[in-house]
Amino acid sequence: MVMCRLGESSGIQTSGGYGVFIDRDPEAFEYVLNYLRDGIVKFTRSLAKGNTNVSPDIFLLEKIMAHADFFGLVNLKEECEKIADTYGITL
């Protein structure tokens, strides 16, 4: 899905060579890259499911969901929704 977006004018540009410039929020994009590398969702402690001592960073969670939606990463978006449900957060 991600590579399908390369030709569209939606924040991703090729740099003329082999590099690709992706104009997305770097803090949230870290989670997208980790998901693409490993095929699983890895959240920091502040977003960890089941960790009731630390509430999730709602704004970061929203950004990750927006990135997941933008790149068509359904599983990543669903995982974010599960975390939001765990904490009773409406996104």
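Quick notes on this structure:
- Modelled FRET efficiency - R0 25 Å, VAL20 with LEU91, Cβ distances, 0.05 increments: 0.30
- Two-site label geometry, ASP69 and ASN34: point separation in nm, points 7 Å out along Cα→Cβ: 2.2 nm
- Packing, as the average of other Cβ atoms within 10 Å across residues, places the peptides 70-80, 32-42 in the order 70-80, 32-42, highest first.
Values quoted throughout were computed directly from the atomic coordinates according to the rules given, and no laboratory measurement underlies them. Because the structure is predicted, anything quoted here is derived from the model rather than measured. All Cβ positions, glycine included, derive from the backbone under ideal geometry; neighbour counts span all protein chains shown.
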